[in-house]
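The values are calculated or read from the model by the stated rules, or taken from the named source; none is laboratory data. Computed from a predicted structure; not experimentally measured. All Cβ positions, even for glycine, are placed from backbone atoms using ideal geometry, and neighbour counts span all protein chains on display.
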Amino acid sequence: MVMNEGSIQQYDTPLNLVTRPANEFVRRLIQADDLFQRLQLMKAEDHMLAWTEADAAAGTENVPRVRGQDSLRTVLQKLLQHDAPYVAVVNGEEKPVGKVTLEQLKTANSG
């Protein structure tokens, strides 16, 4: 909840506060334009593409990995650290179930 002088300005989830601030006061207070903050609040599993047979055939030995619950900020860090075209999203058995590309990050952050 965000309040200003005793008046509720917005009551919402952290992600909605950052991505859809109700007014300019909320936007400035929570620094809604901070793209890294937005990425920290979004999960890889919510923005991944499906893992395809072509992805499996290409192999995953040198592909950075994240778990579905990891943030898109972690995905961005892995993409930059490894200069990779995508990051594999793995399940509890460490098997790829999806992937996140830089394009997915751009799309996620545009809204």
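In region 54-111, what residues are polar (S, T, N, Q), modelled with pLDDT under 85 and farther than 19 Å from Leu41 by Cα?
Thr60, Asn62
Among the residues of region 87-98, are any within 25 Å of Asp34 (Cα to Cα) and within 17 Å of the chain's Cα centre (by Cα)?
Yes, some residue in region 87-98 is within 25 Å of Asp34 (Cα to Cα) and within 17 Å of the chain's Cα centre (by Cα).
Determine, yes or no, whether Leu49 is in the same structural domain as Leu105 (by TED's automatic domain parsing) and touching a helix residue (DSSP H, G or I) at 6+ places or on another chain (Cβ under 6 Å).
no
How do the helices (runs of 4 or more DSSP H) wholly within region 1-91 filter down when requiring 2 or more residues that are closer than 21 Å to Ala108 by Cβ: which remain?
14-19, 24-29, 35-41, 72-82
Could you tell me which of the residues Leu17, Leu49 is in contact (Cβ under 8 Å) with a residue 12 or more places away in the chain, among the aliphatic types (A, V, I, L, M) and loosely packed, with under 15 Cβ neighbours inside 10 Å?
Going through Leu17, Leu49 in turn, the sole match is Leu49.
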